[in-house]
Amino acid sequence: MSLPVTVTFMLADWIVKGLADGTFERVGGVIRDKASKQVVTWLRGIPNNSPIPTASSNNLLNLIFSGANLVTSGANVAVTGKGLANVNERLGGIEQTNLGNIAVSGANLVASVANAAVTGKGLADVNGRLGSIENQLQELGQNLQLTQGILQVTTAASILNLGVSVMGFAVIAQRLRELEQRLQEAQELLTKINRKIDLSFYANFRAAIDLAINAFTMTKAENRRSSALQAINRFLEAEHIYTEFTDIEIEQQSQIADEYLLTLSLAYLAEARCYLELEEHETALRRFQEGARVIRSRIQKYVDILLTSNPAAYLQPHLKGQTDLQRLTRIYQWIDPSLAENEVFEMQRENLFKIAQDPNKWVESLPPAILSRVEVQGGWLGPNSNDLKREADKRLPQMLEVMESMVETNHRFESYQTEIQAISQLGISFHEWLKLSPSTEIKPEGAELMFIIPSTPLQI
């Protein structure tokens, strides 16, 4: 069956242009028209263990041309004018090939001339055409860097991957272990303020993931469905538990509220993934929609805490190069998309004066999510206001990154819904969606994404 989508490693020029001029915007794992909200592309992260062969654009001497097999070993071969004509002919075939189909490996472009007679003109022609191919490969690498730059995507931006299709149970389990480790590291600080973290529920969550993994390796459909439903029940339990934990930590404005928020996201994701594996698309979509409502409201509360009583603190002069108005504006635009950068600045104009005039007032109002007195060393009487202010200022760039990460997580979670809606509109199964990949391209070295482009923008 021919699907009305194109899957590629290279983002189309018209989409790059739309992103550059503001016609399109990236929201999590989708690129959409900013005005109509129609989806023009889905982004899918490429797992590190992907079997897709790669192509490098870094060094022409590392090229092996798949399909053309340009290896000129001259130990027992005399390279004559006729031989060079053959090389040139094969180079012509390479030049007409999509660069995505050029596979890269060891130094197989070798011209051994131990017994070869080579005409200067012929060799110059070959070198010239090889130089042309090298330039095209360098351009390919530059285009990859440009694409990834304009998308503003980094793998560290969120605990969630780009695309629900690459958030399998093994990945969820890995992310869960990372969060559990972060909570264990935070335990020392919490002990100082007489608080203890109950990590026992993480063992239950991990057991539920193991149950789901086992369920979908079973061959009998009735056993697979029965085990999957058991796993779903455990994920539902985890959702209730971590919603409560999240609310408690947000109420206390603690430093571990984000860990529980992210764990809650994984619980909803794991449940919805089970329904997708069962091809219950409508139920999966409904669970994602509920999860989005629950998670977004709590992320917004957490972001409000990190903005502090005076958000202009993030714009203090000594933080130049570490924080800026543009990044702060993107946080505010997530809360209220109608805000422009100038409006955000006007909101903070008076706040800048206040923090310069009385920094101690701001320091005294800081939430534990940013700074607790027990963390700061001071004199015999403990840290003074200046000690606290210095430490808080050092943490603000990191806090801005945390806010950006939480907003990106929210965008990615919400964009998962569009994948399910696309599956329904395209009339394919989830497992067919999983298998989508470039059919004729070889993955260029450094490519971290593939792009699923519908033949016409989809209204979702």
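The values are calculated or read from the model by the stated rules, or taken from the named source; none is laboratory data. Note that the coordinates shown come from a computational prediction; the quantities given were computed from them, not determined experimentally. We place every Cβ from the backbone using ideal geometry, glycine too, and count neighbours over all the protein chains shown. For accessibility, only protein heavy atoms count, side chains too; no ligands or nucleic acids. Shrake-Rupley method; radii C 1.70, N 1.55, O 1.52, S 1.80 Å.
Worth a mention:
- Annotation note: Cβ proximity below 6 Å between a residue of the stretch 230-251 that is within 14 Å of Ser265 (Cβ to Cβ) and a residue that is assigned to a helix (DSSP H, G or I) and acidic (Asp, Glu) (sequence gap 6+ or interchain) occurs for Phe235/Glu271.
- Within the stretch 184-206, none of the residues are among the acidic types (Asp, Glu), at pLDDT 90 or above and assigned to a helix (DSSP H, G or I).
- For the stretch 204-244, taking the residues that are aromatic (Phe, Trp, Tyr) and open to solvent by less than 40 Å² (accessible area, probe 1.4 Å), the one that is farthest from Arg287 (Cα to Cα) is identified as Phe205.
- Which listed residue, of Ser2, Ser36, is at pLDDT below 90, part of a loop (DSSP other than H, G, I, E, B) and either surrounded by 14 or more Cβ atoms within 10 Å (Cβ to Cβ) or not aromatic (Phe, Trp, Tyr) (or both): Ser2
- Scanning the stretch 412-460 for residues that are assigned to a loop (DSSP other than H, G, I, E, B) and small (Gly, Ala, Ser), we see that the one that is nearest to Leu11 (Cα to Cα) is Ala447.
- Count of residues meeting criterion [surrounded by 16 or more Cβ atoms within 10 Å (Cβ to Cβ) and within 15 Å of Gln348 (Cα to Cα)] in the stretch 293-308: 2
- Count of residues meeting criterion [among the acidic types (Asp, Glu), in contact (Cβ under 8 Å) with a residue 12 or more places away in the chain and either outside any helix (DSSP H, G or I) or in contact with a Lys or Arg (Cβ under 9 Å, 6 or more places away or on another chain) (or both)] in the stretch 357-388: 1
- Among the candidates Ala272, Ala340, Ala313, Ala267, residue that is surrounded by fewer than 19 Cβ atoms within 10 Å (Cβ to Cβ) and hydrophobic (A, V, I, L, M, F, W, C): Ala340
- Cross-chain or 6+ apart pairs with Cβ under 9 Å, the stretch 329-356 first and not in a helix (DSSP H, G or I), then not acidic (Asp, Glu): Leu339/Thr329; Leu339/Tyr332; Leu339/Gln333; Leu339/Met347; Ala340/Thr329; Ala340/Gln333
- Filtering the stretch 216-229 to residues that are of a type in the set (Ser, Thr, Tyr) and touching a residue at least 12 places away in the same chain (Cβ under 8 Å) leaves only Ser227.
- Only one of Glu391, Glu375, Glu419, Glu404 that is in contact with a strand residue (DSSP E or B) (Cβ under 8 Å, 6 or more places away or on another chain) and among the charged types (D, E, K, R): Glu419
- Meets criteria (in contact (Cβ under 8 Å) with a residue 60 or more places away in the chain, open to solvent by less than 30 Å² (accessible area, probe 1.4 Å) and either of a type in the set (Phe, Trp, Tyr) or within 23 Å of Glu282 (Cα to Cα) (or both)) for Pro438: no
- Subset of the stretch 10-22 [at pLDDT below 90 and surrounded by 19 or more Cβ atoms within 10 Å (Cβ to Cβ)]: Met10, Leu11
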